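Some notes on the structure that comes next.
The values are calculated or read from the model by the stated rules, or taken from the named source; none is laboratory data. Since we're looking at a predicted model, the values are computed, not measured. Cβ atoms come from the backbone with ideal geometry, glycine included; neighbour counts cover every protein chain shown. Side chains are part of the model used for accessible areas, which takes the heavy atoms of the whole protein and leaves out ligands, DNA and RNA. Shrake-Rupley method; radii C 1.70, N 1.55, O 1.52, S 1.80 Å.
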Amino acid sequence: MTGAGPTWRQFITEDLGADIFALAAKIYPICRSITGNGVRETLREVASHIALQVSEVPTGTQVFDWTIPREWNIRDAYIKNERGERVVDFARSNLHVMSYSVPVRRRLALAELKQHIHTLPDQPDLIPYRTSYYAENWAFCMAHSQFERLQDETYEVVINSSLSDGSLTYGEYLHRGETEDEFLFSAHVCHPSLANDNCSGIALLTHLAKRMAGLETRYSYRFLFAPGTIGAIAWLARNEAKARRIKHGLVMSMVGDAGGPTYKKTRRGNAKIDQAMMNVLRHSGLAPAVIDFSPYGYDERQYCSPGFNLPVGLFQRSKFGSIPEYHTSADNLEFIRPEHLSQSYRLMTETIDAIENDVIYYNTLPKCEPQLGKRGLYGAIGGDKNSAAANMAMLWILNLSDGMHSLLDIAERADLPFAVVRSTAYILAEHGLLSSSPAGVSA
Amino acid sequence: MTGAGPTWRQFITEDLGADIFALAAKIYPICRSITGNGVRETLREVASHIALQVSEVPTGTQVFDWTIPREWNIRDAYIKNERGERVVDFARSNLHVMSYSVPVRRRLALAELKQHIHTLPDQPDLIPYRTSYYAENWAFCMAHSQFERLQDETYEVVINSSLSDGSLTYGEYLHRGETEDEFLFSAHVCHPSLANDNCSGIALLTHLAKRMAGLETRYSYRFLFAPGTIGAIAWLARNEAKARRIKHGLVMSMVGDAGGPTYKKTRRGNAKIDQAMMNVLRHSGLAPAVIDFSPYGYDERQYCSPGFNLPVGLFQRSKFGSIPEYHTSADNLEFIRPEHLSQSYRLMTETIDAIENDVIYYNTLPKCEPQLGKRGLYGAIGGDKNSAAANMAMLWILNLSDGMHSLLDIAERADLPFAVVRSTAYILAEHGLLSSSPAGVSA
Amino acid sequence: MTGAGPTWRQFITEDLGADIFALAAKIYPICRSITGNGVRETLREVASHIALQVSEVPTGTQVFDWTIPREWNIRDAYIKNERGERVVDFARSNLHVMSYSVPVRRRLALAELKQHIHTLPDQPDLIPYRTSYYAENWAFCMAHSQFERLQDETYEVVINSSLSDGSLTYGEYLHRGETEDEFLFSAHVCHPSLANDNCSGIALLTHLAKRMAGLETRYSYRFLFAPGTIGAIAWLARNEAKARRIKHGLVMSMVGDAGGPTYKKTRRGNAKIDQAMMNVLRHSGLAPAVIDFSPYGYDERQYCSPGFNLPVGLFQRSKFGSIPEYHTSADNLEFIRPEHLSQSYRLMTETIDAIENDVIYYNTLPKCEPQLGKRGLYGAIGGDKNSAAANMAMLWILNLSDGMHSLLDIAERADLPFAVVRSTAYILAEHGLLSSSPAGVSA
């Protein structure tokens, strides 16, 4: 059985919160977008941990219904008042410039400038995050409180950006397992300084991939770091055959805050990954929320489009759009915490453990119960009201190992953590009470 | 697509409450029963609006297990006291005489008379509605308060009725659509002066049928106005082949009061009409009740008998038998209101709209999402927390248009009003994103 | 139809509480274990009522994974203090000796003695029930309050037991019906003086079997009185072919207390016996609990092992392990009552009635409703709000007798007691409205 050794246990249980946080903090200042050097710089940080394979898709490439856009880069941007003060400065926060803003260098009256400024009147101290990838435009984003204090004067507006032919960049890392069947982990890398959404996801997946080195696994594990929507679409368009190998998948975003955890099911609704995540979350001791698939969210939208319909769910802490920090400058490094990142990591490794070890066993003595006592597997003093509880996992596994229930099915039916069912099954298998093939059939 | 033009929109949305009320008020005074001139007079009023085809089924005709009874007519009836006063007078309310009472002309002591009087002790001011179609008998119905004041004297009792060979009368109107598949609407016409039960249903169906003139529809629509039970049985017995064409159906009664709306499902429980009515009611802004099929109620009993098992449900406002006015003189013209009739009419046209337009589309670009933005179908500024809401219908339709979900299935899964899904689907189809046949297959 | 006669009615409805209690009280003092003379003496009492067939399975016989253990018998046991007083005496309660204690005759200091004493610190006045069938050991059980008063002195400890080659004993009684398909009732006979668990079950089954004499039934009824676990396993190992005939089954224990009733479903979860018991319990006027199968409990563990997967449920009053009296000296003759035993008996006969009479009828007039009135089957005065209630059973049976619903299916769908549906169906069948075969097909 895969991963039963101590290294696997270490993989599942270790606390990597500080490491994950450190990487998230390192990539937080980078100004990312769906193309450009920010993505490349981010992937270089990831590549310092794992052997990342980076792909460039040229501007103009057709990927299904979409076209890879021109590449966007930005060096500087500001709004300067008549006294020469930078009232808004890209150097202070890359959220200040709407992503994909075209270059501009103009003097404007306040009235005209205001048509190019986004604020959040209900959250007056926060800078909103805005993009305009496919409609040529430019804008600044700023705190509404500051916006209201702008004097009626002439402003010098500079966006020193470029929008020109180049390429879209994504990175991927493949951990090869016994089979070509894949478990896909996917994180979007297109957001600028938003710590939870998605520096947290990029950093968690990087360390998850790094920790798999040397582990023998049943499935191959693909870690995809790609710009949201267009990046996932580009990968799917260039890897249609590989996509068919994906047997389980999770999109990862916002995994460092204190909320949730939240799991959004696959479009299929009853995939193995749905079963595994629900078991892990239900027995996590936390207060998880499981929501049905809907076609709005992150890149599961693409993986679960009807032409692919892959079994890919979404794992988060707080649900996207449900918290005031979402897509604002409040999604900063104080909003995420090492202990939450560590917990999210553990929930992922436990889910991997369930997927890896979800096999079907056959009870070798299916007629009546086997005598557990003579094998030292059962409390020896009968009649005790409480002795039975500890034996329930054994009894459930023996009762349901009829070839029609996998260990995950059994864990769900018995309402037991998968890890308990798995470790109990190994003990029963060691005693010859479970076999991996029906009686009389060689494995 | 059928009915997408402005005429269809007018059909669906217009306010016919006043017209429906006026017709209900006009037929309210008529003394109807399961046979006789009251039914004929009622159908003449209906026929003044639509080209009704009226059928007469002679007394003695066998219709399945039943026999068409003798025809009943009544001219006058009263109870006169010793002072010559008519203490009960059919002319004041046709509920005063039990329907199908045989002729009587006698003098009786109070004690004997009382054995022929029905009252409602718990609702002492109301006259009950009673019938005795198949057991020869006679009786008066009166308010219990008046009954208790009857003096111990001799009464002259006259029921000037006739019970003799004749025929049972029903009327039907067929709106022909593109196909012979039918949508049946059925209302019972056998109750005397009960405004809600069922002058309201007769009047609503009449105006619904009238408004369909000139509309091109996919289904043919049959409107049946028949006496309860025996009338529906007679129609089914004489139209077994036609009955097989019924793909959707609704029995209509009590559609003018302030209660409900109530929908009782078909015996099948998961018919298209069940799905359509539940979608329309759930998004009606009202407080609907949906109840499972049971073999007690109106003529859905016959349509849903096991030998037919037609997909026919029951639409009402208040559920039958659940309100104090039911089958009493309180079910009068003050109990129904134009605004409730208008609302019921709208719920019917919206249901027709759902049935007519419930087609299966195929997403023509099923791999990943199509780029809605370049077609002007999507909010151009990304990152806004709220922009997504308006796009949900598009996303759901594209995601589920895989050949296995009709628009009604999608509306139910997405928890959206059918009308929103339908109109959004038309926009997507206009942009070539939906096709009515799978890719590569000509329609 | 089987059992429609008055004898069947008497069988179903009689009050046998006093008789059942008397037998339970008679066998209560016997010291039973999984082997030995206590079981034989108990079965002799059962055999005084029914023609019990008793089997002996020799020590050492292999039964599936188990081996019949040596036979255990006990004559006397006590703990005597230095003053020669028996501070614990088997003669006062056979719970004082842990079942299967090996012989011992020693003098011990209190400290050593304490290692061989079981008490219930949380229930200080009760003697616990303990066993050690498969691990050689000896122990006494006593009230914790008495245990704490033991002086620090030397005690003479005597257990005059024997553990030697012999046999395991079980008894069975077969009531032969029209078919070889069997309904199994199974009670464990291995507990010493525990009145509810399971003198009550033994006594109830004995009288149930006794009362079936002379009744013509569709199924054959097997009543099995066997030691828990090893006894059921022995029977199954020696009767594999017969076990395949079991179409319905109930394990019976703890049927005399005031709790419950409780029904634990079969492993299949949707067997006919599940349906029958749920119908009977839901309409019992009691507050039943129905719980899903789990592999912990009584001998349903063996019958529902995956190699057999028989449709056998568990009937109890209070659920095992859920009450403080469970497996203690408080489970005595005051804990069970004739009225509860009578009620349990009635629930069993009503369940048998449902299983025996659960047939599929065909509505002979499936097109529209038949005219019940002309057959005197329907309230003659229409329009009455309440007249319908009494007719609901007729309407449901006619509507659902389409060859796809048995009477039990109909009772469940209509939420009516099976007995009402059954008796109503007989009336309809007498009037020719139901047939036991489809129209045109001879039975």
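Give me a count of the residues in region C:255-275 that are buried (at least 20 other Cβ atoms within 10 Å of the Cβ), within 14 Å of chain A (Cβ to nearest Cβ) and out of contact with any Gly (no Cβ under 7 Å at 6 or more places or on another chain).
Counting residues in region C:255-275 that are buried (at least 20 other Cβ atoms within 10 Å of the Cβ), within 14 Å of chain A (Cβ to nearest Cβ) and out of contact with any Gly (no Cβ under 7 Å at 6 or more places or on another chain) gives 1.
So how many residues does region B:151-160 have that are open to solvent by 30 Å² or more (accessible area, probe 1.4 Å) and part of a loop (DSSP other than H, G, I, E, B)? It would help to see each step written out before you state the result.
Of all residues in region B:151-160, those open to solvent by 30 Å² or more (accessible area, probe 1.4 Å) come to B:151-152, B:154, B:156, B:160.
Filter once more, so that each one left must be part of a loop (DSSP other than H, G, I, E, B): B:151-152.
Of the residues in that region, 2 qualify.
Of everything in region A:363-397, what is more than 7 Å from chain C (Cβ to nearest Cβ), at pLDDT 90 or above and closer than 18 Å to C:Asp65 by Cβ? Give them in sequence order.
Result: A:Thr364, A:Leu372, A:Arg375, A:Met394, A:Ile397.
Just wondering, is there one or more residues in region A:248-263 that are without any contact (Cβ under 8 Å) to a residue 24 or more places away in the chain and either farther than 18 Å from A:Ile352 by Cβ or in a strand (DSSP E or B) (or both)?
Checking region A:248-263: not a single residue is without any contact (Cβ under 8 Å) to a residue 24 or more places away in the chain and either farther than 18 Å from A:Ile352 by Cβ or in a strand (DSSP E or B) (or both).
Mind checking whether some residue in region C:294-313 is at pLDDT 95 or above, assigned to a loop (DSSP other than H, G, I, E, B) and in contact with a Cys (Cβ under 6 Å, 6 or more places away or on another chain)?
yes
Restricting attention to region A:108-124, report how many residues are within 13 Å of another protein chain (Cβ to nearest Cβ) and either in contact (Cβ under 8 Å) with a residue 24 or more places away in the chain or not in a loop (DSSP other than H, G, I, E, B) (or both).
Qualifying residue count, region A:108-124: 6.
Of all residues in region B:353-362 being touching a strand residue (DSSP E or B) at 6+ places or on another chain (Cβ under 7 Å) and more than 10 Å from chain A (Cβ to nearest Cβ), which is nearest to B:Arg211 (Cα to Cα)?
For region B:353-362, the residue satisfying everything is B:Ile355.
I'd like the residue in region C:97-117 that is open to solvent by 20 Å² or more (accessible area, probe 1.4 Å) and within 19 Å of C:Arg32 (Cα to Cα) and, out of all such residues, is farthest from the chain's Cα centre (by Cα).
So the residue we want is C:Pro103.
Of all residues in region C:334-365, which are open to solvent by 50 Å² or more (accessible area, probe 1.4 Å) and not β-branched (Val, Ile, Thr)?
C:Glu334, C:Arg337, C:Glu339, C:Gln343, C:Arg346, C:Glu350, C:Tyr362, C:Leu365 - these are the residues of region C:334-365 that are open to solvent by 50 Å² or more (accessible area, probe 1.4 Å) and not β-branched (Val, Ile, Thr).
Taking region B:43-96 as the search range and keeping residues that are open to solvent by less than 50 Å² (accessible area, probe 1.4 Å) and among the aromatic types (Phe, Trp, Tyr), which one is nearest to B:Pro29 (Cα to Cα)?
Residue satisfying both the conditions and the ranking: B:Phe90.
Examine region A:125-145 for a residue that is within 14 Å of chain B (Cβ to nearest Cβ), farther than 26 Å from B:Gln371 by Cα and surrounded by 17 or more Cβ atoms within 10 Å (Cβ to Cβ), and state whether such a residue exists.
The answer is yes; a qualifying residue exists.
Would a scan of region B:260-269 turn up a residue that is touching a helix residue (DSSP H, G or I) at 6+ places or on another chain (Cβ under 8 Å), modelled with pLDDT of 95 or more and under 24 Å from B:Gln62 (Cβ atoms)?
Our first condition is that a residue be touching a helix residue (DSSP H, G or I) at 6+ places or on another chain (Cβ under 8 Å); within region B:260-269, this holds for B:261, B:263-268.
Next cut, modelled with pLDDT of 95 or more only: B:261, B:263-268.
Checking the rest, the ones that are also under 24 Å from B:Gln62 (Cβ atoms) come to none.
No, because not a single residue in region B:260-269 is touching a helix residue (DSSP H, G or I) at 6+ places or on another chain (Cβ under 8 Å), modelled with pLDDT of 95 or more and under 24 Å from B:Gln62 (Cβ atoms).
Would you please name the residue that is nearest to the other protein chains (Cβ to nearest Cβ), looking only at residues in region C:294-317 that are surrounded by fewer than 22 Cβ atoms within 10 Å (Cβ to Cβ) and of a type in the set (Ser, Thr, Tyr)?
My answer is C:Tyr296.
For region B:191-235, give me each residue that is assigned to a helix (DSSP H, G or I), of a type outside the set (Ser, Thr, Tyr) and either out of contact with any strand residue (DSSP E or B) (no Cβ under 8 Å at 6 or more places or on another chain) or free of Cβ contacts under 8 Å to residues at least 12 places away in the same chain (or both).
Within region B:191-235, B:Ala195, B:Asn196, B:Asp197, B:Cys199, B:Ala203, B:His207, B:Lys210, B:Arg211 qualify.
Please work out which residue is nearest to the other protein chains (Cβ to nearest Cβ), limiting yourself to region C:61-81 and to residues that are touching a strand residue (DSSP E or B) at 6+ places or on another chain (Cβ under 8 Å), among the hydrophobic types (A, V, I, L, M, F, W, C) and part of a strand (DSSP E or B).
C:Val63
Return the residues of region A:318-332 that are within 9 Å of chain B (Cβ to nearest Cβ) and either in contact (Cβ under 8 Å) with a residue 24 or more places away in the chain or closer than 19 Å to A:Asp65 by Cβ (or both); say none if nothing qualifies.
As a first pass, look at region A:318-332 and keep what is within 9 Å of chain B (Cβ to nearest Cβ): A:321, A:326-327.
Hits for region A:318-332 are A:Tyr326, A:His327.
Identify the residue in region A:331-367 that is part of a helix (DSSP H, G or I) and among the β-branched types (Val, Ile, Thr) and, among all such residues, is nearest to A:Val280 (Cα to Cα).
A:Thr351
Tell me, yes or no, whether region B:253-275 has at least one residue that is within 19 Å of B:Leu23 (Cβ to Cβ), among the hydrophobic types (A, V, I, L, M, F, W, C) and within 16 Å of the chain's Cα centre (by Cα).
Yes, region B:253-275 contains at least one residue that is within 19 Å of B:Leu23 (Cβ to Cβ), among the hydrophobic types (A, V, I, L, M, F, W, C) and within 16 Å of the chain's Cα centre (by Cα).
Just for region A:1-24: of the residues that are of a type in the set (Asp, Glu) and open to solvent by 50 Å² or more (accessible area, probe 1.4 Å), which one is modelled with the lowest pLDDT?
A:Asp15
Quick one: which residue in C:Thr67, C:Thr61, C:Thr42, C:Thr35 is under 30 Å from C:Phe308 (Cα atoms) and either free of Cβ contacts under 8 Å to residues at least 40 places away in the same chain or of a type in the set (Lys, Arg) (or both)?
C:Thr67
Check C:Gly285 against each of (1) more than 14 Å from C:His248 (Cα to Cα); (2) over 18 Å from the mean Cα position of the chain (by Cα); (3) within 14 Å of chain A (Cβ to nearest Cβ) and name the one condition it does not meet.
(3)
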